[in-house]
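*Asks:* I am attaching a structure below and will ask some questions about it afterwards.
Derivation of every value follows stated rules applied to the coordinates shown; laboratory data play no part. Keep in mind that this is a model prediction, so the values were computed, not measured. Quick reminder, even Gly has a Cβ in these numbers, built from the backbone with ideal geometry, and neighbours come from all protein chains shown.
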Amino acid sequence: MKWLDLPPVWLAGFVALAWVQASYFSMGLGFGDSWADLLGGVLVGGGVVLMGLAFVEFRRHRTTVIPHKMPSALIQSGIFSRTRNPIYLGDALVLAGLILRFDAVLALPLVPVFVWVIERRFILGEEARMRREFKAEFAKYERKVRRWA
């Protein structure tokens, strides 16, 4: 059951909810012309790029990407010098982009709900573990780099 408690599973669930809303409960609402498709594609692409940049840094520093495990290094380089959570930010961008592509107007509130769930379910625990492990180094990093920048 632990594999169910991973961010990609949560993202897939929220994407499925958006798709169901667009497919079965559109209520005649839509974003209109092709601007939503274009912006949705840009958001999905941007999210995937953010995730890719983060995975490169995890690989370079030889530490875990699994949220509930203790990382062996505090990554502060690359995309992590701009945001403490590039993968989660990428997930939120992918969700927002897919909502636009699906034309799921009523699913837009899922984006802040997803961010809230991810923050409570993963980020707070990760940051608490890193505070204990990396102490002053993490405190300095936390002051310098925003969570969702």
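*Asks:* Could you work out the relative contact order of the chain, using alpha carbon pairs under 8 angstrom and six or more residues apart, expressed as a whole percent?
*Replies:* Relative contact order comes out at 35 percent.
*Asks:* Mind ordering 25-37, 83-95, 120-132, 6-18 by average Cβ neighbours within 10 Å, highest first?
*Replies:* In descending order of packing, they fall as 83-95, 6-18, 120-132, 25-37.
*Asks:* Here is a follow-up. I need the phi-derived Karplus couplings for the stretch 142-149: 6.51 cos²θ - 1.76 cosθ + 1.60, θ = phi - 60°, integer Hz, Gly and Pro marked x.
*Replies:* Values per residue, Gly and Pro as x: 5, 6, 7, 10, 6, 5, 10, 3 Hz.
*Asks:* Computed from these coordinates, which is Rg and Dmax of the Cα atoms in Å: (1) 14.5, 44; (2) 16.7, 54; (3) 18.2, 52?
*Replies:* It is the one labelled (2).
*Asks:* With n ≥ 4 as the cut-off for DSSP H runs, can you work out [θ] at 222 nm for the chain, using -39500 (n - 2.57) per run divided by the number of residues, rounded to the nearest 500?
*Replies:* Result for the chain, helices only: -20500 deg cm²/dmol.
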